[in-house]
Amino acid sequence: ALQVKYTVLPQCLFFGLWALWGQFTRGMPPARLTLLGAGFGVLGVLPTALVGAGYALAGHWESFAWANFLSFFERLPASGGRLHGQILMLLLPLLGLALLGLNAARRGPSSELRAYVFIALWLAAALATVFLPSTVYGYYLAALVPACVLLSLPLFARAEKGGVNIGLLIPAGLYLGLLPSNYDLAQNSRAAIERLASAIAPHVDGRDRCLFVFDGPTALYRLSASCLPTRFIYPDHLNNALERNALGVPQEDEVARILAARPPVIVTADTPLTPQNAKALSLVNAAIARDYRPLAQEVLHKRVIRAFARRD
């Protein structure tokens, strides 16, 4: 997990320290405890060290170090800070459920206290994971879900011979009621992306006629069988102003380089998801106005995604 996403570090530290504490309470000598902790640390960084060694042998250590470690500290914070309105709206139900569960747990058997302490501390570590980056997006809160769900379980406890648990039926019913609409939304989004890809595919290829998704679904590259115009292929890297210091190259310079290659199709969105780099956006809009015509458009999650084909 640490190699996949370094923000999991607080949870790694928590699990390791909890395991060491358990051994300490069982009487493990300090010397052995130190060796065990060192072993945990070595195992934790081993995957990253192996991957880094591979990049170093291939002559790309600087790129690896920048992408994995240094660029993290160059991302700019959002103007609303980490705890902005959208995050609070998503955070309150999760933490509210967890706190209600903790309150209910006080009436449970004392033998379960250690388990609830473990889960509560895990939630604290998960919160540190969520708020470690300078910018916090809503989907980061997924890291809180396992601990919040486990902490809420005492709310749904019932006596062995009790009847139907109404407290459990209400959220379960709401969830089941929302399933069809969520499924339809996912299916509609997939169909819309596939229609866009079908319109784009005749204009691109896997060699040198590369699609450029400035803002839109990255899946369009794969679905249209297009080559890739840049190594910064995730659209957010080139359009998000908060990322402008984190690439190692100016965003607008990379966008200008891509546009100079005359991409046959450019994809944009009418509504940005993040603060946009005004210079990069201006370059794209000027190129579209000068050299491109509308090709196709679809609505995805209340945003209009538009594809423009080069006139020549």
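Could you give the size of the charge dipole of the chain about its Cα centre, using +1 on the Cβ of each K and R and -1 on the Cβ of each D and E, expressed in debye and rounded to the nearest 20?
420
In the chain, what cysteines have no partner Cβ closer than 4.7 Å?
Cys12, Cys148 - these cysteines have no disulfide-compatible partner (Cβ-Cβ under 4.7 Å) in the chain.
Along the charge dipole of the stretch 1-156, pointing to its positive end and built from +1/-1 on Cβ of Lys, Arg, Asp and Glu, which listed residue (Leu76, Ala115, Ala126) has its Cα farthest out?
Positive-end residue among those listed: Ala115.
What is the gain in length, in nm to one decimal, between Asp312 and Leu99 on full extension, counting 0.36 nm per residue of separation less the C-alpha to C-alpha distance?
70.5 nm
Test of understanding: in a Gaussian network model of the chain with alpha carbons linked when under 10 Å, which of Phe232, Phe72, Phe24 would top the mean-square fluctuation ranking?
Comparing Phe232, Phe72, Phe24 in a Gaussian network model of the chain, the most mobile one is Phe24.
For Tyr292, what residues show an amide H to amide H distance below 5 Å, using hydrogens built from the backbone and excluding near sequence neighbours?
Under 5 Å from the amide H of Tyr292: Arg311.
Relative to the longest principal Cα axis of the chain, at what angle does helix 9-25 sit, 0 to 90 degrees, rounded to 10?
In the chain, helix 9-25 runs at an angle near 20 degrees to the longest axis.
Multiplying the sequence separation of Val117 and Asn285 by 0.36 nm and subtracting their Cα-Cα distance, what value in nm do you get?
55.1 nm
For the stretch 61-150, which whole-number percentage of the solvent-accessible area (1.4 Å probe, protein heavy atoms only) is attributable to carbon and sulfur atoms?
Here carbon and sulfur together make up 71 percent of the probe-accessible area.
Given that just one value was derived from the coordinates, which of [x] 75, 54, 34; [y] 87, 51, 33; [z] 60, 51, 40 is Cα extents along the principal axes in Å?
Matching entry in [x] 75, 54, 34; [y] 87, 51, 33; [z] 60, 51, 40: [x].
Which FRET efficiency value, to the nearest 0.05, is calculated for Arg231 and Leu76 with the Förster distance at 25 angstrom and r the Cβ-Cβ distance?
0.75
What is the chain's relative contact order, in percent, from Cα pairs under 8 angstrom and six or more apart in sequence?
Normalised by residue count, the contact order of the chain is 15 percent.
How far, in degrees from 0 to 90, does helix 85-105 lean away from the longest principal axis of the Cα atoms of the chain, to the nearest 10?
Value to nearest ten degrees: 20.
What's the angle, to the nearest 10 degrees (0 to 90), between helix 166-200's Cα axis and the longest principal axis of the chain?
20
Restricting attention to the stretch 99-151, which chymotrypsin sites (Phe, Trp or Tyr not before Pro) occupy a DSSP loop and are surrounded by at most 16 other Cβ atoms within 10 Å?
Of the chymotrypsin sites (Phe, Trp or Tyr not before Pro), the ones in loops of the stretch 99-151 whose Cβ has at most 16 other Cβ atoms within 10 Å are Tyr137.
The values are calculated or read from the model by the stated rules, or taken from the named source; none is laboratory data. Every value quoted in this text rests on a predicted model; they were computed, and no experiment measured them. Here Cβ is always computed from backbone atoms with ideal geometry, including for glycine, and neighbour counts include all displayed protein chains. Side chains included, ligands, DNA and RNA excluded: accessible areas come from the protein's heavy atoms. Shrake-Rupley method; radii C 1.70, N 1.55, O 1.52, S 1.80 Å.
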